[in-house]
Amino acid sequence: MHPSSILDPAGSDAERIALLFWWMTAMVILVWVSVVALTIYCVRRDVDAGSERRGRTLIVVGGVVVPALVLGALLILGLPELRASASPPASPRFMIAVSGEQWWWRVRYLPVGAPPIDLANEIRLPVGERVEVVLNSTDVIHSFWIPALAGKIDMIPGRTTRLFLEPTRTGVFRGTCAEYCGASHALMAFPVVVLEREAFDDWLTAESRPVVMAATAGARRGGELFLENGCGACHAIRGTSADGRIGPDLTHVGGRSSLAAGTLPNDVASVAEWVTDPSRLKPGAHMPAFRALGSEQLRMLAEYLVGLR
Ligand code: CUA
């Protein structure tokens, strides 16, 4: 995964923000050097009787004219960024709706002319295509931020905010929650996988399909355990009777690159550990602990979930 840095942009919006940052840094350095130089000059120089008028001129130029020019120039540089970052895609093929929850991400792809597709905790994007992301929250204020791709925006309960993403290169980038939202705020991340357009289309088609039946006997038994233990009351797995809407959709959970919103690797051991006691790994997590399941049952359940691709 690429580091989550605004200085290593991989999206057209992030590139403009990075450029603006460098302009601001250059101006800041210019102002700082000037102030230091003037301070040194004033300290070393003998003050004579006729210097009051020059002093006043210095205050007007250094305190009013120069700051107005510097801030005005930065404003002129920054204003077009506002308009550019709010420009929608010309002919969108799909939209993404993301809802912040304590402490995970509900994701829904909305393809034009096709039914919506529910996912969680990971988004994928085609390179070179501008995509609109519609954001809200069901509990507290979260903030949606993929530093390498674009600016950030709050997810506010009862309100809809929008952000546009336009990746310029493929790779995996880290998305994060940028607003303190409770005990596990720091454990609320998501990978953003940028793919070539064809690979993205194949992935989205696969995601739209219901689940493929488990291949091994252990995984099959894991699927039964999932339903017997009431997991389907909170989680949906399309193609089974599990249709809960409280927790993340798990239809293709095994295909995601992390577990529990960027907290754990997505493998059998981690899934088993998570199901045993989620709030030990993510303080405050709403999912109950399933300590009563034996280690063999946990392994089969985990095998089933990791196999959902
Ligand atoms: Cu969600 Cu911080």
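The values are calculated or read from the model by the stated rules, or taken from the named source; none is laboratory data. This one's a predicted model, so the numbers in the text were calculated from it and none came from an experiment. Backbone-built Cβ (ideal geometry, glycine too); neighbour counts: all protein chains shown. To get the accessible areas, we keep the full protein, side chains included, count just its heavy atoms, and leave off ligands, DNA and RNA. Shrake-Rupley method; radii C 1.70, N 1.55, O 1.52, S 1.80 Å.
Listed by first and then second residue, the pairs linking a residue in the stretch 132-161 that is more than 18 Å from L110 (Cβ to Cβ) to a residue that is open to solvent by 10 Å² or more (accessible area, probe 1.4 Å) and of a type in the set (K, R), with Cβ atoms under 6 Å apart and 6 or more places separating them unless they lie on different chains, are S143/K152; W145/K152. Per the listing A90, A84, the residue uniquely more than 16 Å from the ligand (Cβ to nearest atom), open to solvent by 10 Å² or more (accessible area, probe 1.4 Å) and in a loop (DSSP other than H, G, I, E, B) is A90. Flag: L119 does not match the condition of being of a type in the set (A, V, I, L, M, F, W, C), under 24 Å from G255 (Cβ atoms) and either out of contact with any Lys or Arg (no Cβ under 8 Å at 6 or more places or on another chain) or within 15 Å of the ligand (Cβ to nearest atom) (or both).
Taking the stretch 145-160, which residues are open to solvent by 20 Å² or more (accessible area, probe 1.4 Å) and away from the ligand (no atom under 14 Å from the Cβ)? Residues satisfying the conditions are G151, G158, R159, T160. Can you find a residue that is in a strand (DSSP E or B) and under 23 Å from C234 (Cβ atoms) anywhere in the stretch 162-180? Yes, the stretch 162-180 contains a residue that is in a strand (DSSP E or B) and under 23 Å from C234 (Cβ atoms).
Filtering the stretch 184-197 for residues that are away from the ligand (no atom under 11 Å from the Cβ) and open to solvent by 40 Å² or more (accessible area, probe 1.4 Å) leaves a non-empty set. Checked against (1) in contact with a Pro (Cβ under 8 Å, 6 or more places away or on another chain); (2) open to solvent by 10 Å² or more (accessible area, probe 1.4 Å), G218 meets all criteria but (1).
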